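The values are calculated or read from the model by the stated rules, or taken from the named source; none is laboratory data. All figures in this text were calculated on a predicted structure; none of them were measured in a lab. Because the Cβ atoms are built from the backbone with ideal geometry, glycine has one as well, and the counts that use them run over all protein chains shown.
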Amino acid sequence: MKPLTLGIVGATGVVGQTALDILGDGSLALQIKEVRAFASVASVGKRLSWGTRAVIVEPTELDALAQCDAVLFASEAEISKRFIPELTARGILCVDKSSAFREDGDVPLVVPEVNGKLLNSAQLKKRPLVANPNCCTTPLVMVLDVLRREFGLKRVIVSTYQSVSGAGKPGLEVLEEEARQFFTAQDLSVKPSRAFPKSIAFNVMPFVAKILPNGDTDEEQKIIFETRKILDLPDLPVEATSVRVPTFVGHAESVTIETEKPVDLAKLETLIASSKGMMCVPNLNPETAAAASDADDAPDVAFFPTPRECQGRDEVLVGRLRTAKVFAHGVSLWLVSDNLRKGAALNALQVVEACAQDGFFN
Ligand SMILES: NC(=O)c1ccc[n+]([C@@H]2O[C@H](COP(=O)([O-])OP(=O)(O)OC[C@H]3O[C@@H](n4cnc5c(N)ncnc54)[C@H](OP(=O)(O)O)[C@@H]3O)[C@@H](O)[C@H]2O)c1
């Protein structure tokens, strides 16, 4: 595999930094010759690192970006729209984390475990651009794809519990500031911040991004549109409610799915556990649950995953599997995933890895 020069636009942001961490881990089958970091002018000259190697932030300029083999865009959609058309015209692989091209019918929107077959070098050479989904869509479609293959999908109802890092660096800073403010000044007034329309510390908001004319938020519309596009089920009924919660990293989702066939929970558990990039946390059986709640020294009762437990992990963790009672056939479940890793940087780097393995750079 050819060693790559990989550019990261938005390298100082939470997704960009996570990409640098993953590259530093060396866990991917990617040969990297050089990483080049790009950000806004305010960050030019900052020193970042990936593993033991340092990288100095450069201004985001076409000539410098064009010296890369592949560029990961983890910045605003406007920046992607400004640079990607020229870079792809020059044959440089662009993987876009923003929403700029997700709805473009000619641009593959890819979660490698689900629709990685779209990462076909011959096709991509014509327009080397791959969009990456919203951080809630990615884990959702991974689970839905397993259900689809075995039990068939009829409809999906999902509520998300999204951490503040989904709103980038400002989201993390605001939660920290508001929490500190509460403990130092007992200030629990509800007010807007630079990241959210109302206080997020010790609060919950059924609002992510902005409200659309039909009453959905655009985050909810992204989940609906992207789920259908990735699964290639354009008519799949999907209802989404996106909620911002005061956790730092890790998004959770409560999902109820109507299926064509009855869902065998034990089989579903096995299928999820054996799927790449996913782990199933088994339900406790009633006897074990009773023993666990009676025990003085509480055993490792890991029968449901939480956002804090998925932080820093690559897998989507699934639990609380139970038969849905509102449909003839179906299942309800809970999932958590690190929104900065599988929800963002990891998925994007896995796309580059898959393209490299398919000979795109040869
Ligand atoms: N956070 C998530 O969970 C998540 C998940 C999926 C997708 N995404 C998407 O990924 C992208 C990055 O999100 P984030 O959460 O990492 O945001 P962030 O923490 O706010 O970082 C934004 C990055 O963009 C850079 N930037 C701002 N203006 C720029 C400019 N004019 N030219 C070049 N770079 C500029 C910033 O550089 P400075 O530091 O110099 O300002 C920073 O590196 C967004 O499109 C977001 O929607 C995020």
ask   = So, of the residues in segment 156-185 that are assigned to a strand (DSSP E or B) and within 13 Å of the ligand (Cβ to nearest atom), which turns out to be nearest to ALA266 (Cα to Cα)?
value = THR160
task = Please determine, by comparing only the residues of segment 156-196 that are touching a strand residue (DSSP E or B) at 6+ places or on another chain (Cβ under 7 Å) and farther than 25 Å from GLN17 by Cβ, which one is surrounded by the most Cβ atoms within 10 Å (Cβ to Cβ).
result = VAL156
query = Which residues, counting only those in segment 63-99, are part of a loop (DSSP other than H, G, I, E, B) and within 15 Å of the ligand (Cβ to nearest atom)?
reply = CYS68, ALA74, SER75, GLU76, LYS97, SER98, SER99
inquiry  = Just to verify a result, which residue in segment 248-288, among those that are more than 23 Å from the chain's Cα centre (by Cα) and of a type in the set (Val, Ile, Thr), is modelled with the lowest pLDDT?
reply    = THR288
Segment 239-274 - residue that is among the acidic types (Asp, Glu) and not in a helix (DSSP H, G or I) and, of those, nearest to LEU340 (Cα to Cα) = GLU253
inquiry  = Any residue at all in segment 27-34 that's touching a residue at least 12 places away in the same chain (Cβ under 8 Å), within 11 Å of the ligand (Cβ to nearest atom) and over 18 Å from GLY168 (Cα atoms)?
reply    = no
query = So which residues in segment 100-126 are buried (at least 17 other Cβ atoms within 10 Å of the Cβ) and in a loop (DSSP other than H, G, I, E, B)?
reply = ALA100, PHE101, ARG102, VAL107, PRO108, VAL110, VAL111, LEU119
key: Residues (among the acidic types (Asp, Glu) and over 15 Å from the mean Cα position of the chain (by Cα)) located in segment 218-241   = ASP218, ASP232, ASP235, GLU239
key: Criterion (of a type in the set (Asp, Glu), farther than 19 Å from LYS154 by Cβ and surrounded by 18 or more Cβ atoms within 10 Å (Cβ to Cβ)) met by exactly one of GLU219, GLU253   = GLU219
query = Has segment 140-155 got at least one residue that is of a type in the set (A, V, I, L, M) and either surrounded by fewer than 19 Cβ atoms within 10 Å (Cβ to Cβ) or within 11 Å of the ligand (Cβ to nearest atom) (or both)?
reply = no
task = Hey, could you check segment 341-357 for residues that are within 8 Å of the chain's Cα centre (by Cα) and charged (D, E, K, R) and say which is farthest from MET142 (Cα to Cα)?
result = ARG341
inquiry  = Can you find a residue that is more than 30 Å from GLN31 (Cβ to Cβ), of a type in the set (A, V, I, L, M, F, W, C) and modelled with pLDDT under 95 anywhere in segment 303-320?
reply    = yes
query = Can you name the residue in segment 35-62 that is farther than 19 Å from SER98 by Cβ and of a type in the set (Lys, Arg) and is also nearest to the ligand (Cβ to nearest atom) among such residues?
reply = LYS46
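Collect the residues in segment 20-51 that are among the β-branched types (Val, Ile, Thr), within 26 Å of the chain's Cα centre (by Cα) and either surrounded by fewer than 14 Cβ atoms within 10 Å (Cβ to Cβ) or assigned to a strand (DSSP E or B) (or both), keeping them in residue-number order.
ILE32, VAL35
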inquiry  = Looking at LYS198 and the list (1) in a loop (DSSP other than H, G, I, E, B); (2) within 12 Å of the ligand (Cβ to nearest atom), which single condition is not satisfied?
reply    = (2)
